[in-house]
Amino acid sequence: MKKIFILLMLVLPMGMFAQQQKFGYVNSAEIIQVMPAFDKAQKELADLQKMYEDEFNAMRTELEKKGTEFEKLQKDSVPENILKRRYEELMQLDERLRQYGNEVSANLQQQEQEKMVAIQQELLKALDAVGAEGGFVCIFDVSGGMPYISKTLCEDVTMKVRAKLGIPANAVPAANLPRN
């Protein structure tokens, strides 16, 4: 009897402790899509990409113009050394165009990563605050493909995190808004 009593005294607090554990879940992908910082980053990246495209198109136009001039030179009786020099210029322009394209691609990818890191840090800060304020032991991210989260034993804190970030409950991602 004494052993049963001791066992109950040991197990009972564990059961009470387990019942007091608070778990939550959040959909970070949904939140990121409606964060003002995400929308701002998307616009900045689009503007940067447009700038790069304009520069790329100007370089390509120059290459095409010089290519047309080179073709005209070949029809005329132009000395071989001039043709060779012009051909080398064309090849250099073509190489610069390819290098520029590679640089642009790498730069855009780097800019996107930097902006996403800042957005994720902002989200994590809000998530930490919601977790601390709500007394959560753990908050799972359902956008990461978690196999199972009991929605009856866990609390969905997505709206609390959105509120912490100042995102209205009815906000939808800009990509989902109707276009005029």
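Once neighbouring chains are kept in place and the probe is 1.4 Å, which whole percent of the accessible area of segment 31-177 is contributed by carbon and sulfur?
On the way: 5300 of 10120 Å².
Looking at segment 31-177 in its full context, I get 52 percent from C and S.
Taking a threshold of 25 Å on the Cα-Cα distance, which of the pairs LYS40/LYS125; LYS115/LYS151; LYS40/LYS164 fall above it?
Details: LYS40/LYS125 19 Å; LYS115/LYS151 32 Å; LYS40/LYS164 18 Å.
Where the Cα-Cα span goes over 25 Å, the pairs concerned are LYS115/LYS151.
Does segment 100-164 come out rounded, prolate or oblate by the C-alpha gyration tensor, with a ≥ b ≥ c the root eigenvalues, rounded set by a/c under 1.5 and, if not, prolate when a/b is larger than b/c and oblate if not?
On the way: a/c = 4.29, a/b = 2.22, b/c = 1.94.
Taking the square roots of the gyration eigenvalues as a ≥ b ≥ c, segment 100-164 is prolate.
What Kirkwood hydrodynamic radius, in Å, does segment 36-75 give when the mean of 1/r is taken over all pairs of distinct Cα atoms and then inverted?
Values: mean 1/r = 0.0816 Å⁻¹.
Kirkwood hydrodynamic radius for segment 36-75: 12.2 Å.
The values are calculated or read from the model by the stated rules, or taken from the named source; none is laboratory data. All values derive from a computational prediction rather than experimental measurement. Each accessible area value is taken on the protein alone, full model and side chains, heavy atoms only, with ligands, DNA and RNA left out. Shrake-Rupley method; radii C 1.70, N 1.55, O 1.52, S 1.80 Å.
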